[in-house]
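Values in this text are rule-based calculations from the coordinates and carry no lab data. What you see is a predicted model, and the numbers here were worked out from it, not measured in a lab. Here Cβ is always computed from backbone atoms with ideal geometry, including for glycine, and neighbour counts include all displayed protein chains.
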């Protein structure tokens, strides 16, 4: 199996987790976001939509992290507690929360971290300021409030067992709170406890540590560029 991805991509980290959790061997192709994914070569040879992750198995490619994760579990370990085939309703609840992540959290978090942090370095645009910046942060906080309320009295999103819903949403939330320096203690105590619980999984811990190194590298690069601009 071939896999195209990047650790800075939230959906890619989810697929890396599933592959490692199921002990699936794969050949990894690290792709630079935007720089590589928007090239005509990548669109022609890997994914015409210019996104990762992508897997190739038996000469056939599959895109979109939700489809990939479900496929991998269905093919290699359908009884896995991440997405158990024996409990149809639980699968539906997992699907419900993945949809919430894809349709509510991710569309809110993405513009926030681009507009408030990444614009100058990744796409050459200025940072968002003023009322627009305030609105972006309010959107993030509203979504975190929603998740925090739903985690009340729960160890994981659906109760006592970690599922695919936790993996998808964890990868979104751990990134946004780190890159925007959002303090979870006090305001989002349930999220704080949940983030700590999910990171007890050694695979998640390793993937997240790698992400944090990437974020630190990005901050250093941004600082260097700002200092050069001042000179």
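Among 98, 57, which comes first, then next, by fewest other beta-carbon atoms within 10 Å?
Working: 98 22, 57 16.
With the sparsest Cβ surroundings first, the list reads 57, 98.
With Cα extents along the principal axes in Å as the read-out, I listed (1) 61, 46, 28; (2) 54, 44, 37; (3) 51, 36, 29; which label goes with the value calculated from this structure?
Checking each listed value against the structure points to (1).
Mind sorting 95, 45, 58 by how few other Cβ atoms lie within 10 Å of their own Cβ, fewest first? Before the final figure, lay out the partial values.
Details: 95 15, 45 11, 58 5.
Listing 95, 45, 58 from fewest to most nearby Cβ atoms yields 58, 45, 95.
Tell me the mean residue ellipticity at 222 nm calculated for the chain from its helices only (DSSP H runs of n ≥ 4, each -39500 (n - 2.57), averaged over every residue, nearest 500). Numbers along the way, then the final one.
Values: 9 runs with 127 residues, N = 231.
It lands at -18000 deg cm²/dmol.
Could you work out the relative contact order of the chain? I mean the mean sequence separation of Cα pairs under 8 Å and 6+ apart, divided by the number of residues, in percent. Can you show the working numbers first?
Numbers: 243 pairs, mean separation 44.9, N = 231.
Relative contact order here is 19 percent.
When only C-alpha pairs under 8 Å and at least 6 residues apart count, what is the relative contact order of region 110-174, in percent? Mind showing how you got there, number by number?
Numbers: 29 pairs, mean separation 12.0, N = 65.
It comes to 18 percent, rounded to a whole number.
By count of other Cβ within 10 Å, fewest leading, how are 16, 29, 213 ordered?
On the way: 16 24, 29 15, 213 11.
Ranking 16, 29, 213 by Cβ neighbours within 10 Å, fewest first, gives 213, 29, 16.
Among 130, 153, 50, which one shows the highest mean-square fluctuation when the chain is modelled as a Gaussian network with alpha-carbon springs under 10 Å?
130
So in region 1-102, what percent of DSSP beta bridges are antiparallel if you round to the nearest 5? Walk me through the numbers on the way to the answer.
Details: 7 of 11 bridges.
Close to 65 percent.
Name the residue, out of 113, 105, 76, whose mean-square fluctuation peaks in a Gaussian network model built on the chain with Cα pairs under 10 Å.
Greatest mean-square fluctuation among the candidates belongs to 76.
Post the alpha-carbon centroid distance, region 1-76 to region 88-122, in whole angstrom.
Using only Cα atoms, the two centres lie 18 Å from each other.
Shape call for region 1-134 from the C-alpha gyration tensor, a ≥ b ≥ c root eigenvalues: rounded (a/c under 1.5), prolate (a/b greater than b/c) or oblate? Write down the numbers at each step before the final one.
Details: a/c = 2.71, a/b = 1.38, b/c = 1.97.
Since a/c reaches 1.5 but b/c is at least a/b, the shape of region 1-134 is classed as oblate.
Can you say what percent of the DSSP beta bridges in the chain, counting only those with both residues inside, are antiparallel? Round to 5. Don't skip to the answer; put the middle values down first.
Values: 8 of 12 bridges.
Roughly 65 percent of the beta bridges in the chain run antiparallel, per DSSP.
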